[in-house]
Amino acid sequence: MKISTKNGDLGRTKLMFGKDVLKCAPRVKAYGAIDDFSATLGLARSYADKELSAFILGLQEKLVFLMTELATDKSDFHKLEEKNFKLLGDGDLKELETNIDRLESGGDVFSGWAHSGETHLQAALDMARARCTSAEREIVALNAEEPLARDFPLKYINRLSDLLWLLAQKSAK
């Protein structure tokens, strides 16, 4: 696959399965915001210990599947399943919730608003959380304009921002 196709020179791009859209289309903004968020997670991963780094890499890998779903027009969604593209599902959501529960079980989760910058890792996780919530807003905007094929991306990204907030708080201690 060639990286420079020159097709984007006029501000257009193709979604999964070839639908041509403007680069400022809500769907492109949504999956682009996930890409932006994933890059910020990469910054956090660069500061993390081995265990957390592996966990964050796993999240980044899952975000690729989320971007694929968001880059697919609702009318083409069935093609993802027909072509055996991996989609995130209830098990992935449950994994986030289990990690949230584990972090919350440590107690003293919220004792007032915290400011970023206690450590490089906390600051990077907070940046990732902020990019995550920004991506969530783009997905909400997309869903308002052209309803998603399923509401899973909204649930997943919402839980993920909660998890990142908890990870950032834990990394500051």
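For residue 72, are the conditions met, namely being over 18 Å from residue 134 (Cα atoms) and at pLDDT 95 or above?
Yes, satisfied.
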Are there any pairs with C-beta distances below 6 angstrom linking a residue in region 71-100 that is within 22 Å of residue 22 (Cβ to Cβ) to a residue that is surrounded by fewer than 18 Cβ atoms within 10 Å (Cβ to Cβ) and of a type in the set (D, E, K, R), with the two at least 6 apart or on different chains, and if so which? 73/19
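In region 1-39, which residue that is acidic (Asp, Glu) and free of Cβ contacts under 8 Å to residues at least 24 places away in the same chain is farthest from residue 60 (Cα to Cα)?
Filtering region 1-39 for residues that are acidic (Asp, Glu) and free of Cβ contacts under 8 Å to residues at least 24 places away in the same chain, the one farthest from residue 60 (Cα to Cα) comes out as 9.
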Taking region 44-59 on its own, how many of its residues are surrounded by fewer than 17 Cβ atoms within 10 Å (Cβ to Cβ) and within 17 Å of the chain's Cα centre (by Cα)? 5
Tally up the residues in region 60-90 that are polar (S, T, N, Q) and exposed (fewer than 12 other Cβ atoms within 10 Å of the Cβ), please. 2
Reported set for region 63-87 where residues are out of contact with any Ser or Thr (no Cβ under 7 Å at 6 or more places or on another chain), aliphatic (A, V, I, L, M) and farther than 20 Å from residue 159 by Cα is 71
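From 97, 136, grab the single residue that is within 25 Å of residue 46 (Cα to Cα), at pLDDT 95 or above and surrounded by fewer than 17 Cβ atoms within 10 Å (Cβ to Cβ). Explain how you work it out, then say what you get.
Values: 136 fails: surrounded by fewer than 17 Cβ atoms within 10 Å (Cβ to Cβ).
Result: 97 is the single residue among 97, 136 that is within 25 Å of residue 46 (Cα to Cα), at pLDDT 95 or above and surrounded by fewer than 17 Cβ atoms within 10 Å (Cβ to Cβ).
The values are calculated or read from the model by the stated rules, or taken from the named source; none is laboratory data. Keep in mind that this is a model prediction, so the values were computed, not measured. So basically every Cβ, Gly included, is an ideal-geometry build from the backbone, and we count neighbours across all protein chains shown.
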